[in-house]
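K.L.:
Take this structure first; my questions come after.
The values are calculated or read from the model by the stated rules, or taken from the named source; none is laboratory data. Computed from a prediction, not measured in an experiment: that's the story for all the values here. Please note: Cβ atoms are built from the backbone with ideal geometry, for glycine as well, and neighbour counts cover all protein chains shown. SASA here: full protein model, heavy atoms, side chains in, ligands and nucleic acids out. Shrake-Rupley method; radii C 1.70, N 1.55, O 1.52, S 1.80 Å.
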Amino acid sequence: AFSACVCAFAPALQIPESLGIVPGSVYLICVIFYQVFYITSPSRLVEYNAALASVCFMIFLGFADDVLDLRWRYKLVLPTLASLPLLCAYTGHTTIIVPKFIRELIGVDKLFDLGIIYYMYMGLFAVFCTNSINIFAGINGLEAGQSFVIACAGLLFSLLHLDGSEDPDLSSILLLIPFIATTLGLLYFNWYPSQVFVGDTFTYFAGMTFAVVAILGHNTEMMLLFFLPQIINFVYSLPQLFGIVPCPRHRLPKLNMNTGKLEGIKSNMNLVNLALLILGPQTEQTLCVILLVFQTLCCALAFWVHAMFAQIQ
């Protein structure tokens, strides 16, 4: 599929869409080779293969969405189904650490077992990850850029906590390294002025990758902290997502053809337009840099929050 790209100083160009299928395919080839790390650990291999099945399913769904333009209700249901292989193969804990002040307040143990509720939480977590990147988009380089920043933060966190070959963080590392490499290549061609569009194929692929990385590494809470800009974007978008306020198909900012800058639209409720309304008109490249710097700062904040929380456990 091709889409017309219009800018203030150049005629309309035909830009190929759905190019997220390329890094997705290369990624799958790489992580399949990584199976050799789990030859002597059958239980880990089962979880790892289940993660690959979930990611592969979401790449297929994303490409189907790019081609068929699926309705939103399918986008909510299908990620849940895609996460089932991983949830069924999951052998990790279902407990959460209760902060000390809460334990003293309500009189519970440090570890609290959520049981089946934890599996429901992981399923909803996968749905959120896949759709949150999909709705925080619309300008060149933003989808691939935010995914690259989150992946680097996740890799750093896993490296800092890696403890032996049987550590769950090893799975996260093996899944994130090829993702960072393939995303960086896509970002090079998707940066303004974009030569390719990533499409829903990449956003779903990236979201499910982050979900399986967090679930296998037992650090979903940390991944949610990395997703702070996506959470802000989701909360700000809720009135339109639930139909309280009319929601257009693409909630993009307006391009001023005279200045070549993007201008925010109040009725399009997402973080991209909100940034423009706060900061004023910006060029597309400048706006993308601002949002990616914000993403980076939020990831740094996540490390600080994690360190503070570790002290009060």
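K.L.:
Take F112 and decide whether it is surrounded by fewer than 22 Cβ atoms within 10 Å (Cβ to Cβ) and of a type outside the set (V, I, T).
P.N.:
Against the criterion (surrounded by fewer than 22 Cβ atoms within 10 Å (Cβ to Cβ) and of a type outside the set (V, I, T)), F112 qualifies.
K.L.:
Filter segment 218-267 for residues that are buried (at least 18 other Cβ atoms within 10 Å of the Cβ) and polar (S, T, N, Q); which is farthest from A51 (Cα to Cα)?
P.N.:
Applying the filter and picking the extreme gives Q240.
K.L.:
Just name the residue that is surrounded by the most Cβ atoms within 10 Å (Cβ to Cβ) out of those in segment 292-311 that are among the β-branched types (V, I, T) and more than 14 Å from L156 (Cα to Cα). Walk me through it before giving the result.
P.N.:
Of segment 292-311, the ones among the β-branched types (V, I, T) are 293, 296, 305.
Applying the additional criterion that residues be more than 14 Å from L156 (Cα to Cα) yields 293, 305.
Working: V293: 11, V305: 14.
Ranking the qualifying residues of segment 292-311, first place goes to V305.
K.L.:
Scan segment 274-287 for residues that are surrounded by 21 or more Cβ atoms within 10 Å (Cβ to Cβ) and within 23 Å of F226 (Cβ to Cβ) and report the count.
P.N.:
Residues meeting the conditions: 1.
K.L.:
Right, another one. Could you please give the count of residues in segment 64-96 that are open to solvent by 70 Å² or more (accessible area, probe 1.4 Å) and among the aliphatic types (A, V, I, L, M)?
P.N.:
Filtering segment 64-96 for residues open to solvent by 70 Å² or more (accessible area, probe 1.4 Å) gives 67-69, 71-74, 76-77, 81, 84, 88, 91, 93.
If we keep only those that are among the aliphatic types (A, V, I, L, M) too, we end up with 67-68, 76-77, 81, 84.
Adding up the residues that qualify gives 6.
K.L.:
Just one of the numbered conditions (1) on the phi > 0 side of the Ramachandran plot; (2) open to solvent by 30 Å² or more (accessible area, probe 1.4 Å) is not true of Y121; which one?
P.N.:
Y121 satisfies all of (1) on the phi > 0 side of the Ramachandran plot; (2) open to solvent by 30 Å² or more (accessible area, probe 1.4 Å) except (1).
K.L.:
Wholly within segment 183-281, which helices (runs of 4 or more DSSP H) include no fewer than the required count, namely at least 3 residues that are among the β-branched types (V, I, T)? Lay out the reasoning, then the answer.
P.N.:
Details: elements: 199-216, 220-226, 228-241, 271-279.
So the answer is 199-216, 228-241.
K.L.:
Then there's this: I need the full set of residues from segment 159-204 which are surrounded by fewer than 16 Cβ atoms within 10 Å (Cβ to Cβ), more than 25 Å from F63 (Cα to Cα) and either among the small types (G, A, S) or within 15 Å of the chain's Cα centre (by Cα) (or both), in order please.
P.N.:
Passing the criteria: G164, S165.
K.L.:
Tell me the residue from L274, L301 that is under 25 Å from F210 (Cα atoms) and either of a type in the set (G, A, S) or under 22 Å from the mean Cα position of the chain (by Cα) (or both), please. Reasoning before the result, please.
P.N.:
Values: L274 fails: under 25 Å from F210 (Cα atoms).
Testing whether each residue is under 25 Å from F210 (Cα atoms) and either of a type in the set (G, A, S) or under 22 Å from the mean Cα position of the chain (by Cα) (or both) leaves just L301.
K.L.:
Which residue pairs have Cβ atoms under 6 Å apart, sit 6 or more places apart or on different chains, and have a first residue in segment 124-145 that is under 17 Å from L84 (Cβ atoms) and in contact (Cβ under 8 Å) with a residue 12 or more places away in the chain and a second that is open to solvent by 10 Å² or more (accessible area, probe 1.4 Å) and not aliphatic (A, V, I, L, M)?
P.N.:
Filtered contacts from segment 124-145: V127/T80.
K.L.:
When only residues in segment 137-148 that are out of contact with any Cys (no Cβ under 8 Å at 6 or more places or on another chain) and not in a helix (DSSP H, G or I) count, which is surrounded by the fewest Cβ atoms within 10 Å (Cβ to Cβ)?
P.N.:
Step one: of segment 137-148, the residues out of contact with any Cys (no Cβ under 8 Å at 6 or more places or on another chain) are 137-138, 143-144, 146-148.
Pick out the ones that are also not in a helix (DSSP H, G or I) and you get 137-138.
Working: A137: 22, G138: 19.
Selected residue: G138.
K.L.:
Test of understanding: among A151, A126, which residue is open to solvent by less than 60 Å² (accessible area, probe 1.4 Å) and modelled with pLDDT of 95 or more? Before the answer, list the steps.
P.N.:
Values: A126 fails: modelled with pLDDT of 95 or more.
Going through A151, A126 in turn, just one is open to solvent by less than 60 Å² (accessible area, probe 1.4 Å) and modelled with pLDDT of 95 or more: A151.
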